[in-house]
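Novice: The structure follows.
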Amino acid sequence: MKILQPSPENIVSTARAIQSGRVVVIPTETVYGLACHALDSRAVQHVFEIKGRPPDNPLIVHIGSFDQLVDITEVVPPAAKALASRFWPGPLTLVLPKRPTVPYCTTGGLDTVAVRVPRHPVALAVIKESGCPVAAPSANLFTRLSPTSAHEIDPAILCQVDMVLDGGQCEIGLESTVLDLTSDEPIVLRPGAVTRADIQAVLGRPLGSGPPSSVRKSPGQYARHYAPRAQVKLVDRVPVGQPGLTLDRPADERQIRMPADPAAYAANLYRSLQRLDETGTEDIFVELPPRDPEWEAVHDRLKKASTWA
Ligand code: AMP
Ligand code: MG
């Protein structure tokens, strides 16, 4: 079996596999990541092939500490320093000008690189042991749901990787916030657990507004993404007798009651959609959560999961 417990020996062998250009799956606090040496073009190419991901969709580079940032990026602006000291290790990805050592296949042809320090202890241990920057996009097939536990990983991914480290259920359950620091104003390219308000509080100034220019700057942002096989339908109330995610008392056993707190909702979203998807249903109805700012990342993923194109 390729799914391994994260013992010290297995962490070392996973790090060795990464060093030697192989592809593995590691847990992070956001979602499980398909991990490889970020500066090894062949390994990165392999990650794109396994996921079926278009080559212009850049990967996030994971490092073990803030000090490693200078190996990857040309400059470390004061804003990056301030945000990193507040949110790293954690689910905030910063986009900065790349160093020539970072291959274009990792950055989808861009002169910028997206980078973060994850806070899952297993991810950190593997990255530190490997001694290299680690590219780790979500361990799903392109446009599908990201796995938030080892047993949610698609068999089509499992059969193509060297090993999987089981780090339990992901604490956050949604992909990281992506913040572009290469323009005059910082722009959120993808909302996540670190909110606009969190970022603004550190920077002490307003953020630029996306997304029109940021869509061009972040080519991996596709309309349909993070989606189950079934059609997700966003509704005010899940119809009686239909499968779905409710915020209220479920009418039957095919309806899942979601937490009222946005962080807990996010942590349960993908696995709940996956659970309903496994029943072979054609539709999954999702009751729209409140519109408050702390729900922004959940709304972003629900919108993408429900887009049918
Ligand atoms: P994933 O690795 O699946 O979590 O997705 C990473 C996402 O981060 C990409 O789809 C892009 O939207 C964004 N991203 C990564 N690198 C860059 C970059 N250099 N510039 C802008 N956005 C990026
Ligand atoms: Mg992804």
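The values are calculated or read from the model by the stated rules, or taken from the named source; none is laboratory data. Quick caveat, the model's predicted, so the values are computed rather than measured. Here the Cβ is made from the backbone with ideal geometry for all residues, glycine too, and neighbour counts use every protein chain on show. Just so you know, the surface numbers come from the protein's heavy atoms only, side chains and all, with ligands and any DNA or RNA stripped out. Shrake-Rupley method; radii C 1.70, N 1.55, O 1.52, S 1.80 Å.
Novice: If Ile72 satisfies every condition in (1) aliphatic (A, V, I, L, M); (2) open to solvent by 50 Å² or more (accessible area, probe 1.4 Å); (3) within 16 Å of ligand 1 (Cβ to nearest atom) but one, which is the exception?
Specialist: Of everything listed in (1) aliphatic (A, V, I, L, M); (2) open to solvent by 50 Å² or more (accessible area, probe 1.4 Å); (3) within 16 Å of ligand 1 (Cβ to nearest atom), Ile72 misses just condition (2).
Novice: Taking the conditions exactly as written (open to solvent by less than 40 Å² (accessible area, probe 1.4 Å) and either within 14 Å of ligand 1 (Cβ to nearest atom) or among the basic types (Lys, Arg) (or both)), does Pro77 satisfy them or not?
Specialist: No: the conditions fail for Pro77.
Novice: Would you confirm whether or not the stretch 66-79 contains a residue that is out of contact with any helix residue (DSSP H, G or I) (no Cβ under 7 Å at 6 or more places or on another chain) and either of a type in the set (Gly, Ala, Ser) or within 15 Å of ligand 2 (Cβ to nearest atom) (or both)?
Specialist: So far as the stretch 66-79 goes, no, none of its residues is out of contact with any helix residue (DSSP H, G or I) (no Cβ under 7 Å at 6 or more places or on another chain) and either of a type in the set (Gly, Ala, Ser) or within 15 Å of ligand 2 (Cβ to nearest atom) (or both).
Novice: Something else: For residues in the stretch 274-293 being part of a helix (DSSP H, G or I) and either small (Gly, Ala, Ser) or in contact (Cβ under 8 Å) with a residue 24 or more places away in the chain (or both), which is least open to solvent (accessible area, probe 1.4 Å)?
Specialist: Going through the qualifying residues, I end up with Leu276.
Novice: Next question, about the same structure. Just checking, how many residues over the stretch 15-47 are touching an Asp or Glu at 6+ places or on another chain (Cβ under 8 Å) and away from ligand 2 (no atom under 16 Å from the Cβ)?
Specialist: Summing the residues that are touching an Asp or Glu at 6+ places or on another chain (Cβ under 8 Å) and away from ligand 2 (no atom under 16 Å from the Cβ) in the stretch 15-47 gives 5.
Novice: Based on what the data block shows, is Val126 open to solvent by less than 50 Å² (accessible area, probe 1.4 Å), more than 15 Å from ligand 1 (Cβ to nearest atom) and not basic (Lys, Arg)?
Specialist: yes
Novice: Considering only residues that are out of contact with any strand residue (DSSP E or B) (no Cβ under 8 Å at 6 or more places or on another chain), of a type in the set (A, V, I, L, M, F, W, C) and part of a loop (DSSP other than H, G, I, E, B), look in the stretch 137-184 and name the one that is farthest from ligand 2 (Cβ to nearest atom).
Specialist: Residue satisfying both the conditions and the ranking: Cys159.
Novice: While we're on this one: The conditions are (1) charged (D, E, K, R); (2) under 22 Å from Pro78 (Cα atoms); (3) modelled with pLDDT of 95 or more; (4) open to solvent by 50 Å² or more (accessible area, probe 1.4 Å), and Asp180 fails exactly one of them. Which is it?
Specialist: (4)
Novice: Counting just the residues of the stretch 64-116 that are touching a residue at least 60 places away in the same chain (Cβ under 8 Å) and of a type in the set (D, E, K, R), which one comes out farthest from Ser41 (Cα to Cα)?
Specialist: Arg86
Novice: Hey, another quick one. Please go through the stretch 93-108 and pick out each residue that is within 16 Å of ligand 2 (Cβ to nearest atom) and surrounded by 21 or more Cβ atoms within 10 Å (Cβ to Cβ).
Specialist: Scanning the stretch 93-108 gives Thr93, Val95, Thr106, Thr107.
Novice: Right, next: Looking at the structure I just gave you, is Glu296 modelled with pLDDT of 90 or more and either under 22 Å from Leu94 (Cα atoms) or open to solvent by 30 Å² or more (accessible area, probe 1.4 Å) (or both)?
Specialist: yes
Novice: Follow-up. Mind checking which residues of the stretch 225-248 are open to solvent by less than 40 Å² (accessible area, probe 1.4 Å), within 14 Å of Glu278 (Cα to Cα) and more than 16 Å from ligand 2 (Cβ to nearest atom)?
Specialist: Within the stretch 225-248, Ala230, Gln231, Val232, Pro243, Gly244 qualify.
Novice: Take the residues in the stretch 248-264 that are closer than 20 Å to Ala230 by Cα and modelled with pLDDT of 95 or more; name whichever of them is nearest to the chain's Cα centre (by Cα).
Specialist: Taking the candidates together, the pick is Met258.
Novice: Quick check on my filter: what residues within the stretch 35-77 are charged (D, E, K, R) and under 16 Å from Ala136 (Cβ atoms)?
Specialist: Those that are charged (D, E, K, R) and under 16 Å from Ala136 (Cβ atoms): Asp40, Glu49, Lys51, Arg53.
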